[in-house]
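Just below is one structure, and these are the notes that go with it.
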Amino acid sequence: MKSLMALTRMTNQLSHINPPRKTSHYTGIRPEVKSNSMEIQTQKKPRILCLHGFRTSGKILENLIRRRWSETALERLDLDFLDGPFPAQGKSDVEGIFDPPYYEWYQSYQDYKEYKNFEECIAYIEDYMTKHGPFDGLLGFSQGALISAAMPGMQAQGVALRRVPKIKFLIIISGAKFKGLKFGQPKLAANAFSSPIECPSLHFIGETDFLKQEGTALLESFVDPVVIYHLRGHTVPKLDEQCLATTLSFIEMIQRMFPGEE
């Protein structure tokens, strides 16, 4: 399923951002997931804001993750799924598979070299995080992954998320980076990857994903990224035994950042 598709030129332009809507193989960490299980259970669940793909919705991303990730992983995370600020400006790739409404985070033109409403998108996300946070990390898929990957750098540069706590980690599914092999960059993200990103990150890269090359190139911008390679395409993958072990190990590492009981 390709949630990121070529955008057609808009015939109708949005005049404002809608109010936030809340909807409710391995090359990294060793898969020693059973150690210290009792200790992990007493630690705070990381709170994660989840950003969906292009012309889908928070509900659709939630559906995919809850169906394809095991309860063993999900019970350790506090996930919050947000809809993008703009109604879809064209046909969605998931029509006939998932019900509308569909949303997008921003618009791009000229083969992803020109961007519209990106600053409004970031302001919208920050406003939601301010009102409903604090959040510990971000999870992004496709268009949502592009935004998530750039957030720590933009925050470090002082151009985004100035009113919220520092992003502590990322989970990137079918991701890419602005000013990469395929994409240009919005002005706000001009320096997002100017320095290595030290934010802990877990990356899912699909063997048949049309963004595989982009997702692989993105790894170079992060310090010690944890990577899960899977055999599927541009989608949220089901976690097999090995992928689950890697995911749980990453979650354990993140949970240890949050001392104390829930």
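The values are calculated or read from the model by the stated rules, or taken from the named source; none is laboratory data. Keep in mind it's a predicted model, so treat the numbers as computed, not measured. Cβ coordinates were reconstructed from backbone atoms using ideal geometry, including for glycine residues, and neighbour counts include every protein chain displayed. Protein only, heavy atoms only, side chains kept; ligands, DNA and RNA dropped before computing areas. Shrake-Rupley method; radii C 1.70, N 1.55, O 1.52, S 1.80 Å.
Where both partners of a DSSP beta bridge lie in the range 107-262, what percent of those bridges are antiparallel, to the nearest 5? Present the calculation step by step, with values, prior to reporting the outcome.
Numbers: 3 of 18 bridges.
Percent antiparallel among DSSP bridges in the range 107-262 is about 15.
Excluding ligands, DNA and RNA, what is the solvent-accessible area per residue of the range 109-262 at a probe of 1.4 Å, expressed in Å²?
With the other protein chains kept in place, the range 109-262 gives 42 Å² per residue.
How large is ³J(HN,Hα), in whole Hz, for each residue of the range 84-92 in order, when computed from phi with the Karplus curve 6.51 cos²θ - 1.76 cosθ + 1.60 and θ = phi - 60°, using x for Gly and Pro? Calculated HN-Hα couplings, in order: x, x, 10, x, 3, 8, x, 5, 9 Hz.
Subtract the Cα-Cα distance of residue 241 and residue 207 from 0.36 nm times their separation in residues, and report this length gain in nm to one decimal. Display every interim value, and only then the final one.
Details: separation 34, 0.36 × 34 = 12.24 nm, distance 1.76 nm.
In short, 10.5 nm is gained.
Of the solvent-accessible surface of the range 172-262, computed with a 1.4 Å probe over protein heavy atoms with every protein chain present, carbon and sulfur atoms account for 50 percent.
Between residue 191 and residue 71, what is 0.36 nm times their sequence separation minus the Cα-Cα distance? Round to one decimal in nm.
Details: separation 120, 0.36 × 120 = 43.20 nm, distance 3.78 nm.
Length gained, residue 191 through residue 71: 39.4 nm.
Sites listed here are trypsin sites (Lys or Arg not before Pro) in the range 105-141 whose DSSP assignment is loop and whose Cβ has at most 12 other Cβ atoms within 10 Å: 113. For residue 234, the residues 5 or more places off, or on other chains, whose built amide H falls under 5 Å of its own are 210.
In percent, how large is the relative contact order of the range 32-185, given Cα pairs closer than 8 Å and 6 or more residues apart?
Working: 253 pairs, mean separation 38.5, N = 154.
Answer for the range 32-185 is 25 percent.
Here the Karplus curve 6.51 cos²θ - 1.76 cosθ + 1.60, taken at θ = phi - 60°, turns the phi angles of the range 213-222 into couplings of 4, 5, x, 5, 5, 4, 4, 5, 8, 10 Hz, with x standing for Gly and Pro. Local charge for residue 126 was computed over the other residues whose Cβ lies under 14 Å away, with Lys and Arg +1 and Asp and Glu -1, and equals +1.
The string of couplings for the range 153-165 from the Karplus curve (6.51, -1.76, 1.60, θ = phi - 60°) is x, 5, 5, 5, 7, x, 9, 8, 6, 6, 9, 10, x Hz, one whole number per residue in order, with x for Gly and Pro. Ordered from highest to lowest accessible area with the whole protein assembly present and a 1.4 Å probe, 127, 111, 136 read as 111, 127, 136. Summing Lys and Arg as +1 and Asp and Glu as -1 over all other residues whose Cβ lies under 9 Å from the Cβ of residue 155 gives a net charge of +2.
Given +1 at the Cβ of Lys and Arg, -1 at the Cβ of Asp and Glu and no other charges, the dipole of the range 70-196 around its Cα centre is 720 debye to the nearest 20. Seen from residue 239, the other residues with C-beta closer than 14 Å to its C-beta sum to a net charge of +2, counting Lys and Arg as +1 and Asp and Glu as -1. Using C-alpha pairs under 8 Å with a sequence gap of at least 6, the mean separation divided by the residue count of the range 134-262 gives a relative contact order of 23 percent.
Close amide-amide hydrogen proximity is noted between residue 56 and 103, each under 5 Å apart and 5 or more residues distant or on a separate chain (H modeled in the peptide plane; Pro and chain starts excluded). Distances between placed amide hydrogens fall under 5 Å for residue 197 paired with 222, 223, all partners being 5 or more residues away or on another chain.
If you plug the beta carbon distance of residue 232 and residue 162 into 1/(1 + (r/R0)^6) with R0 = 35 Å, you get a FRET efficiency near 0.40. Each peptide in 239-246, 70-77 receives the mean, over its residues, of other Cβ atoms within 10 Å, and ordering these scores from highest gives 239-246, 70-77.
Can you give me the Cα centroid spacing of the range 70-105 and the range 202-262 in angstrom? Here the two parts' Cα centres lie 19 Å apart. As a calculated quantity, the FRET efficiency between residue 179 and residue 123 at R0 = 30 Å, using C-beta atoms, amounts to about 0.90. Once the chain from residue 131 to residue 224 is taken as fully extended at 0.36 nm per residue, the excess over their C-alpha distance is 30.3 nm.
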